[in-house]
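The values are calculated or read from the model by the stated rules, or taken from the named source; none is laboratory data. None of these values were measured; they are calculated from a predicted model. Glycine also receives a Cβ, built like all others from the backbone with ideal geometry; neighbour counts cover every protein chain displayed.
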Amino acid sequence: MSKTRVQMIIETLRDNPNKKFTARDLAAEFLKRYPAEIAEKQSNPRYDTPEKLLAQLAAEIGGERTVRAKKLCANVATQDKPRPRLYYWDANPQQAVEFDNGADAEGDEQELELPVLTPSYSEHELYPLLIEFLHKEHGLYCQRIDEKTSKNSHGSGGNRWLHPDVVALEPLDQHWDAVVKDCVRHGNDSSVRLWSFEVKKQLTKGNVRQCFFQAVSNSTWASFGYLVATGLNNDVEPELQMLASLHGIGVLILNTDSLFDSQILIPARERTNIDWQSVNRIVSENTDFHRFIEQVGIYSQTGRLVNSVWNK
């Protein structure tokens with residue numbers, strides 16, 4: 001019988017009681033221990049390199065699956081600080097539950113799939129968490145774009161799908177030699193990439209298309225566009241994969257329990273040219289976005305980052 005990801009977590013930790021794993025370490029173990037179960041994932045062209053496959057498997061370990069594994073087996077434990085999250089086998093939990101690899105365990109997991117786990121954070125509370133993750137983990141310089149600073153010159157709801165929740169500057173030339181910086185800055189190439197992030201709490205079958213196309217609409221101008229969520233129901237990933245392949249928007253799963261175990265579930269496809277006409281439209285409507293583009297311009301011309309205006 002094929003093993004589920006939850007069973008893989010439990011069995012791997014049980015068989016390595018003296019070792020601690022990151023999500024990536026567990027994913028590497030899955031490749032060795034469960035080749036039959038991973039074969040279908042390996043055949044997917046989206047995971048055509050070992051790195052992409054490992055990243056995908058690591059993403060599948062966190063979130064709901066970790067919660068289920070802990071509910072199913074009290075010996076499954078995690079250490080969230082310092083980062084990254086570590087997974088290990090606790091031989092003496094307060095309320096030990098013996099893991100049964102038979103039908104009862106599978107049945108328990110099926111029961112746990114029924115309820116949707118509702119994140120305790122509001123959408124607005126997720127913005128600073130996302131900004132912290134993007135800056136510390138990916139070196140991006142972020143700003144929040146507040147819809148309340150829009151003019152609404154197109155009437156009620158006219159700007160709903162105009163701009164994203166969080167935007168970011170990626171300074172590509174930050175560590176380049178000065179000669180290269182000057183060459184790029186005075187040529188036709190760009191020394192920056194711009195990122196766009198639309199944030200949602202939970203992606204479900206009922207809201208996934210609306211959330212995705214809001215991200216598409218709000219991110220057409222950017223080098224990279226992402227839909228961000230704290231979790232997704234098991235039945236929406238195929239839909240996301242299909243939509244992402246068509247429109248190039250990526251998906252990032254923000255892990256609020258262990259922030260730096262957050263994972264890019266689907267990488268965004270880079271747009272080589274920024275749509276400055278769309279940028280101009282958003283600048284004319286939203287003062288936060290105006291301030292963002294102003295800082296992008298300052299960096300592009302001078303190489304100077306004003307730290308007081310970023311990542312807050």
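Tabulated data for the structure shown
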quantity: Residue match in segment 267-283 (condition: among the charged types (D, E, K, R) and in contact with a His (Cβ under 9 Å, 6 or more places away or on another chain)); calculated: yes
quantity: Qualifying residue in segment 203-212 (condition: buried (at least 21 other Cβ atoms within 10 Å of the Cβ) and either within 30 Å of THR302 (Cα to Cα) or charged (D, E, K, R) (or both)); calculated: no
quantity: Residue satisfying all of: in segment 46-68; among the polar types (S, T, N, Q) and either within 17 Å of LEU254 (Cβ to Cβ) or not assigned by TED's automatic domain parsing to the domain that holds TYR88 (or both); surrounded by the fewest Cβ atoms within 10 Å (Cβ to Cβ) among these; calculated: GLN56
quantity: Pairs, first assigned by TED's automatic domain parsing to the domain that holds VAL76 and small (Gly, Ala, Ser) in segment 19-45, second at pLDDT 90 or above and surrounded by 12 or more Cβ atoms within 10 Å (Cβ to Cβ), C-beta under 8 Å, six or more apart; calculated: ALA23/TYR87
quantity: In segment 19-61, residue farthest from the chain's Cα centre (by Cα) [restricted to those that are within 20 Å of LEU259 (Cβ to Cβ) and among the acidic types (Asp, Glu)]; calculated: ASP25
quantity: Residue that is surrounded by the fewest Cβ atoms within 10 Å (Cβ to Cβ) [pool: residues in segment 134-170 that are at pLDDT 90 or above and touching a Gly at 6+ places or on another chain (Cβ under 8 Å)]; calculated: GLU170
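Conditions tested, residue by residue: (1) under 19 Å from the mean Cα position of the chain (by Cα); (2) within 18 Å of HIS138 (Cα to Cα); (3) exposed (fewer than 13 other Cβ atoms within 10 Å of the Cβ); (4) touching a residue at least 40 places away in the same chain (Cβ under 8 Å).
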site	(1), (2), (3), (4)
SER262	yes, yes, no, yes
THR287	no, no, no, yes
SER300	no, no, no, yes
ASN307	no, yes, yes, no
ASN311	yes, yes, no, yes
